[in-house]
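Below you'll find the structure, written out as C-alpha cells, and then a few comments.
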Amino acid sequence: MSGVIFANTAVKTDQQTFTCLFGLWGNSAPSYLWPLFSTNNYIQLSTMISKTFYLYFAVLVAVAMACTNDVLPPPERPEFCNDIIASYNTNVKPIIDESCAYSGCHDGAGGTGPGNYKSYNGILSILDDGSFRNRVLEKERDPLLGMPPDNSIYPESQKDDLTEEELQIIECWLNEGYPKE
C-alpha cells in the first residue's frame, strides 16, 4: 500500500490496521505502537479525518462563493467636468507637449523620462495601466514622484506644476476614457 490510507478500507485485525496506516514500515514497524492503531482507534481516526475534511471543504466552498469578480465603478465625474470637453488632440496634447514630451524628457529619443509622449499611441500604454493618472493627478504635490517633476529636483524640467485648469482638463479626459478625438 506504500503508506496510502483509504478511509473506506475494511480492517480486520489490529496488525492489519497498523500495516495499513504505516505500509512503508510493514511488519518491521515498532510493536509498541500497535495498540495505538487498533481497529476501533483506526475507525475513530478515520471518522475524525472525514469530519475535518468536510469542515475544511465547507469553509473552502464558503470562501469561494464569497469571492466575486466585482468591477470598480467608474470614478465619479467631478462637477467641473460638466463644462470641459477634453480629448487628446483638442486640449490634452498641448499640455503634454509643453510639460512632458519635450527634448530630454518623454520624447522617445532617450530622454530621462521613459516612453514617447509625442503621440497618442506612445502614451496609451501608461494610460491603460493607470500610471499616468497616478503620477500626474494622485502624486502631483510630490516634487519627486509627481509629474511634471519640480526643476529643483530635475533641473531639465521645463515646468514645475500643471495649472489647476490643466489638471482639470487631464482629470476629465482620463475619467472619460482618454478619447483621442
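Quick check on my filter: what residues within segment 106-119 are assigned to a loop (DSSP other than H, G, I, E, B) and modelled with pLDDT of 80 or more?
106, 117, 118, 119
Hey, among 46, 50, which residue is over 30 Å from residue 124 (Cβ atoms), hydroxyl-bearing (Ser, Thr, Tyr), in a helix (DSSP H, G or I) and modelled with pLDDT of 75 or more?
After applying the criteria, what remains is 50.
Do you know which residues across segment 143-159 are out of contact with any Pro (no Cβ under 9 Å at 6 or more places or on another chain) and loosely packed, with under 13 Cβ neighbours inside 10 Å?
Result: 144, 155.
Which residue is modelled with the highest pLDDT, if the candidates are limited to segment 63-80 and must be part of a helix (DSSP H, G or I) and loosely packed, with under 10 Cβ neighbours inside 10 Å?
79
Out of 157, 103, which single residue is in contact (Cβ under 8 Å) with a residue 24 or more places away in the chain and part of a loop (DSSP other than H, G, I, E, B)?
157
Give segment 81-100 a look and list any residue that's of a type outside the set (Val, Ile, Thr) and assigned to a helix (DSSP H, G or I), or say none.
Answer for segment 81-100, where residues must be of a type outside the set (Val, Ile, Thr) and assigned to a helix (DSSP H, G or I): 81, 82, 83, 88, 89, 91, 93, 94, 97, 98, 99.
Only one of 100, 105 is in contact with a Ser or Thr (Cβ under 8 Å, 6 or more places away or on another chain) and surrounded by 12 or more Cβ atoms within 10 Å (Cβ to Cβ); which?
105
Can you work out which of the residues in segment 160-178 that are assigned to a loop (DSSP other than H, G, I, E, B) and in contact with a helix residue (DSSP H, G or I) (Cβ under 7 Å, 6 or more places away or on another chain) is surrounded by the fewest Cβ atoms within 10 Å (Cβ to Cβ)?
Looking at the filtered set, the residue picked out is 178.
Look at residue 140 and say whether it is in a helix (DSSP H, G or I), without any contact (Cβ under 8 Å) to a residue 40 or more places away in the chain and acidic (Asp, Glu).
For residue 140, the condition - in a helix (DSSP H, G or I), without any contact (Cβ under 8 Å) to a residue 40 or more places away in the chain and acidic (Asp, Glu) - is not met.
Just the residues that are in contact (Cβ under 8 Å) with a residue 24 or more places away in the chain, closer than 26 Å to residue 181 by Cα and either among the polar types (S, T, N, Q) or in contact with a Lys or Arg (Cβ under 7 Å, 6 or more places away or on another chain) (or both), please, taken from segment 106-137.
120
The values are calculated or read from the model by the stated rules, or taken from the named source; none is laboratory data. Only a predicted model underlies this, so the values are computations on that prediction, with no experimental measurement involved. Reconstructed Cβ throughout: ideal geometry from the backbone, glycine too, with neighbour counts over all protein chains shown.
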